[in-house]
Amino acid sequence: MLKTPLVPYVAFAAHPPELPLRGPGDDGLPSYVVRAALVAEIGQGVVLSGTTQDGATVRVTLEIVAPGILRVLVQAEEADARRVTLARPEARQAVDVKVQAGEDCINLLSDQVSLEARLEPFHLAFRGPDGCIFLEQDNGTTLVTDVLGVLPCGFSIVDGQRAAYHDTFVCEPDEHFYGFGEKFTDFDKRGQRIEMWNCDAYGVHNERAYKNVPFFVSSRGYGVFVDSVRRVNFDMGQNNSAAFSLIVPDSALDYYVIAGPEPKTVIARYAGLVSRPVTPPKWAFGLWMSSGFKDDSAREVLARAQELRAHGVPCDVLHLDCYWQKFGRWSENLWDKDMFPDPEELIRQVHALGFKVCLWINSYIGVESERFSEGKEKGYFLKTATGETYVAPLWNTYHPPVAVVDFTNPEAAAWYRETLRPLLRMGADVFKTDFGEGVPADAVAFNGMTGDELHNLYTLLYNDLVAGLTAEETGSQLVWGRSTYAGGQRHAAQWGGDPNCSYPALASTLRGGLSMGMCGHAFWSHDIGGFHRQPTPDLFVRWAQFGLFSPLSRAHGMTTRLPWEYGEQALQIFRDYVRLRYQLLPYIYSYATLAAETGLPLLRPMVLQFPDDPLARAIDLQYMFGDELLVAPVYNAAGKRPVYLPAGAWVDYWTHEVMHGPQAVAVTAPLDVLPLYVRGDSLIPTTEPVEHIVDGPFPSVTFDAYLLPGGQASFELRDTDGATEVQATLDGGRLDVQVSGARNRLGLRLFRLAGTPEITEVRANGRALPRVARPEQGADWTVLADGSTVVNLIL
């Protein structure tokens with residue numbers, strides 16, 4: 001009999017198999033390692049033979065694979081050659097490792113991380129550069145009754161087979177955990193149980209996620225990456241508040257402990273291990289405007305393009321969602337010729353207006369499409385256990401059932417690739433790679449993988465194919481993806497799925513973005529206005545303010561997101577914030593190129609920027625946008641929220657009022673005001689906003705200087721012509737500016753903040769500049785009526 005659940009729950013067609021649970025009367029114990037013996041020393045580590053309490057054996061490899069990164073691999077004596085790993089072999093680096101092997105203990109010693117392995121009873125402890133333990137295994141007896149209260153290092157048997165490997169570690173009383181992918185739950189994951197299984201999350205209010213990443217950062221200055229594409233479970237102190245556990249239903253337990261101690265160091269090292277982000281083309285940092293998830297036509301596309309220009313809203317990308325194809329055949333990658341009779345001409349016209357074109361796709365093909373028949377005949381789709389094409393309702397009831405293209409089949413991958421190539425050759429610039437989370441667990445792939453094994457890996461295969469083809473045809477490997485997994489940073493951009501049009505959904509979306517940032521996914525975005533239903537004008541504005549201070553910005557939803565459809569006030573505010581984003585593009589692009597080198601996100605949680613501030617550890621509704629800007633989106637209709645200012649001076653972007661932290665400020669923000677603060681002693685590079693971004697360096701750059709009395713600030717401007725370092729110092733009434741690098745012409749605007757004296761002298765690279773009544777073409781400076789000082793720098 002079907003029972004109605006007490007908690008509403010939406011079924012997902014590709015739901016994961018449940019892990020086995022111990023029931024009453026089940027007194028079987030997991031097998032866990034109680035002693036180990038040295039088998040061999042290898043290049044930068046050791047191999048041990050481990051013995052469990054019930055006499056089984058495992059092989060344990062302990063190795064320092066790169067500076068600050070230590071690998072622990074626990075597996076059967078005979079390794080599984082089919083197991084998929086994501087750590088890149090080229091990430092391995094030579095490290096000076098000293099192995100100290102004693103009778104009851106083995107130490108691996110290096111400058112950045114060390115490991116102490118006690119052989120009996122078996123126990124691992126990890127130490128940082130200071131020699132202090134930052135992480136250690138739990139001994140398994142954390143219950144008062146002295147019975148096994150956790151899953152220690154070892155494995156569990158189900159039906160005579162090793163069903164999962166596991167390990168458990170001490171969870172310190174003041175420890176906090178961040179990351180795990182785009183999880184929309186509270187940003188601090190302590191006390192949560194988290195599963196790595198890509199899902200259509202049906203919104204942003206539960207643990208399900210489109211983007212799972214088996215990596216986290218601890219407030220104690222380390223990170224852990226579990227190298228498995230299976231449905232890894234993390235129990236972060238839910239079952240036992242004094243311990244956290246890794247549960248891996250794979251043929252090995254393979255994890256990397258990454259030392260910091262700074263969280264930025266942890267993220268950068270993790271990115272080097274799996275994949276660093278790839279910088280999108282400069283135009284991708286402009287506004288993306290979507291057709292919306294609704295009927296569309298060539299006439300409407302061209303009208304949107306013309307209206308955006310007529311309304312003076314800067315915009316660089318027009319996105320065409322599902323309805324450029326015929327409903328019921330999604331995604332066969334063929335134009336609906338009834339609605340788009342001449343797509344080549346449409347794209348030409350849109351390009352002539354300065355827009356790029358993004359086309360929606362996914363890797364499922366509806367049963368009504370002729371391409372479904374072709375793919376089925378040639379065996380290009382995932383199969384059932386009996387060898388039939390697997391057809392599933394991956395759109396629920398909205399769209400006819402679909403088959404899933406099998407990218408483990410080289411011929412199927414080549415076939416799908418060639419359905420996309422003509423679209424790029426006719427002028428499409430980028431694809432929105434929707435879905436990718438829907439591989440059913442009981443499906444069978446061409447290469448022999450089960451759906452359970454392929455499920456999380458599938459999104460990487462899908463996006464690798466589309467990004468690679470796009471790079472071949474356009475020179476850019478940008479995609480706009482919904483699902484991803486560890487290593488998916490290389491696909492440049494992901495967006496946050498399908499939130500409701502509500503203020504709570506805005507807040508949850510932000511939490512998901514912060515968690516993605518802690519995983520090194522730098523180029524994340526979301527649907528401005530929310531996706532499901534229609535936002536109110538005030539919600540549309542507030543979401544736009546958040547969205548335009550995000551790494552990438554796209555307006556999209558089930559209904560129109562054209563700003564003039566929300567009233568004249570909304571249009572004006574939206575346009576002002578788009579122009580502000582375009583004004584800040586030199587700042588944004590500089591941090592984008594830094595992200596590609598380091599993995600550090602543009603949208604930065606407060607704990608990432610201020611790891612030593614205890615109050616920053618739980619803050620998840622404000623963020624740093626780069627190093628210098630603090631952004632606090634408004635998440636309610638009243639326009640009221642608290643803003644936490646960490647230690648130091650902060651300048652209100654709008655009023656230039658100087659405030660000092662640490663303090664919490666109660667803010668009431670009118671609809672046209674996003675709470676935005678600049679760190680004192682900062683330089684912010686800006687440019688004149690344009691209607692669309694052109695290739696090449698920014699034509700002009702002016703640095704906005706927020707200098708306090710006696711203050712000094714510096715910034716490295718990064719552009720397509722190279723790097724330019726600018727430093728400004730305020731010494732009494734003298735402003736000293738030092739410039740070096742690619743640019744030989746810049747501007748600087750010094751705002752006169754409270755307590756700063758009037759400027760009487762300006763020097764550039766040691767040379768005094770003349771004061772003039774108004775800015776001219778030469779190297780000079782002047783003071784404006786508002787008290788700000790404007791400097792022309794010609795080197």
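The values are calculated or read from the model by the stated rules, or taken from the named source; none is laboratory data. The structure displayed is predicted, hence computed values, not measured ones. Quick reminder, even Gly has a Cβ in these numbers, built from the backbone with ideal geometry, and neighbours come from all protein chains shown. Just the protein is used for accessible areas: all its heavy atoms, side chains included, with ligands, DNA and RNA removed. Shrake-Rupley method; radii C 1.70, N 1.55, O 1.52, S 1.80 Å.
For the reader, a short list of remarks on this structure follows.
- Residue match in segment 678-689 (condition: of a type in the set (A, V, I, L, M, F, W, C), closer than 17 Å to Gln622 by Cβ and open to solvent by less than 20 Å² (accessible area, probe 1.4 Å)): yes
- Selection count, segment 586-606, where residues are open to solvent by less than 10 Å² (accessible area, probe 1.4 Å), assigned to a helix (DSSP H, G or I) and either touching a His at 6+ places or on another chain (Cβ under 8 Å) or not β-branched (Val, Ile, Thr) (or both): 6
- Here Pro605 meets the list (1) more than 30 Å from Gly722 (Cβ to Cβ); (2) more than 15 Å from the chain's Cα centre (by Cα); (3) not hydroxyl-bearing (Ser, Thr, Tyr) almost entirely, failing just condition (2).
- Some residue of segment 333-345 being buried (at least 22 other Cβ atoms within 10 Å of the Cβ), out of contact with any His (no Cβ under 8 Å at 6 or more places or on another chain), modelled with pLDDT of 95 or more and under 18 Å from Leu465 (Cβ atoms): yes
- Restricting segment 308-332 to residues that are in a loop (DSSP other than H, G, I, E, B) and within 21 Å of Pro563 (Cα to Cα), the residue that is most open to solvent (accessible area, probe 1.4 Å): His311
Rundown of residues vs (1) in contact with a Ser or Thr (Cβ under 9 Å, 6 or more places away or on another chain); (2) not aromatic (Phe, Trp, Tyr), yes/no style:
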| position | (1), (2) |
| --- | --- |
| Gly379 | yes, yes |
| Val405 | yes, yes |
| Trp415 | no, no |
| Arg421 | no, yes |
| Met449 | yes, yes |
| Gly468 | no, yes |
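- Filter result (farther than 17 Å from Pro89 by Cα and among the hydrophobic types (A, V, I, L, M, F, W, C)) within segment 256-267: Ala259, Val266, Ile267
Each row is one residue, and each column tells you yes or no for (1) at pLDDT below 95; (2) aliphatic (A, V, I, L, M); (3) closer than 26 Å to Lys264 by Cβ.
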| residue | (1), (2), (3) |
| --- | --- |
| Gly626 | no, no, yes |
| Ala632 | no, yes, yes |
| Tyr635 | no, no, no |
| Ala638 | no, yes, no |
| Val651 | no, yes, yes |
| His660 | no, no, yes |
| Ala669 | no, yes, no |
| Val673 | no, yes, no |
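- Each residue in segment 514-555 was checked for being of a type in the set (Phe, Trp, Tyr), part of a strand (DSSP E or B) and open to solvent by 10 Å² or more (accessible area, probe 1.4 Å), and 0 pass.
- Filtering segment 373-392 to residues that are part of a loop (DSSP other than H, G, I, E, B) and either in contact (Cβ under 8 Å) with a residue 40 or more places away in the chain or over 13 Å from Ala413 (Cβ atoms) (or both) leaves Gly379, Leu382, Thr384, Ala385, Thr386, Gly387, Glu388, Tyr390.
- Test: Leu273 is among the hydrophobic types (A, V, I, L, M, F, W, C) and open to solvent by 30 Å² or more (accessible area, probe 1.4 Å): no
- Set side by side, the residues Thr536, Thr509 differ, and just one is at pLDDT 95 or above, on the phi < 0 side of the Ramachandran plot and out of contact with any Gly (no Cβ under 9 Å at 6 or more places or on another chain), which is Thr536.
- Here Thr450 passes the criteria (1) open to solvent by 10 Å² or more (accessible area, probe 1.4 Å); (2) hydroxyl-bearing (Ser, Thr, Tyr); (3) farther than 25 Å from His15 by Cα except the one numbered (3).
- Looking only at residues of segment 427-443 that are part of a loop (DSSP other than H, G, I, E, B) and within 16 Å of Ala471 (Cβ to Cβ), we find that the one that is least open to solvent (accessible area, probe 1.4 Å) is Ala428.
- A single member of Tyr202, Tyr270 is modelled with pLDDT under 95 and of a type in the set (Phe, Trp, Tyr), and it is Tyr202.
- Hey, Val651 among the aliphatic types (A, V, I, L, M) and either surrounded by fewer than 21 Cβ atoms within 10 Å (Cβ to Cβ) or under 17 Å from Leu548 (Cβ atoms) (or both) or not: no
- Criterion: open to solvent by less than 10 Å² (accessible area, probe 1.4 Å) and of a type outside the set (Val, Ile, Thr) - qualifying residue of Ala467, Ala471: Ala467
- Taking the numbered list (1) surrounded by fewer than 21 Cβ atoms within 10 Å (Cβ to Cβ); (2) more than 24 Å from Leu394 (Cα to Cα); (3) charged (D, E, K, R) in turn, Glu195 passes all entries but (2).
- All positions within segment 361-388 that are under 34 Å from the mean Cα position of the chain (by Cα) and open to solvent by 10 Å² or more (accessible area, probe 1.4 Å): Val367, Arg371, Phe372, Tyr380, Lys383, Thr384
- Among the residues of segment 754-764, at least one is assigned to a strand (DSSP E or B) and either touching a residue at least 40 places away in the same chain (Cβ under 8 Å) or touching a Lys or Arg at 6+ places or on another chain (Cβ under 6 Å) (or both).
- Of everything listed in (1) open to solvent by 10 Å² or more (accessible area, probe 1.4 Å); (2) in a loop (DSSP other than H, G, I, E, B), the single unmet condition for Arg641 is (2).
- Within segment 732-769, the set of residues being exposed (fewer than 14 other Cβ atoms within 10 Å of the Cβ) and either closer than 21 Å to Ser700 by Cα or charged (D, E, K, R) (or both) comprises Ser740, Asn744, Arg745, Glu758, Asn765, Arg767.
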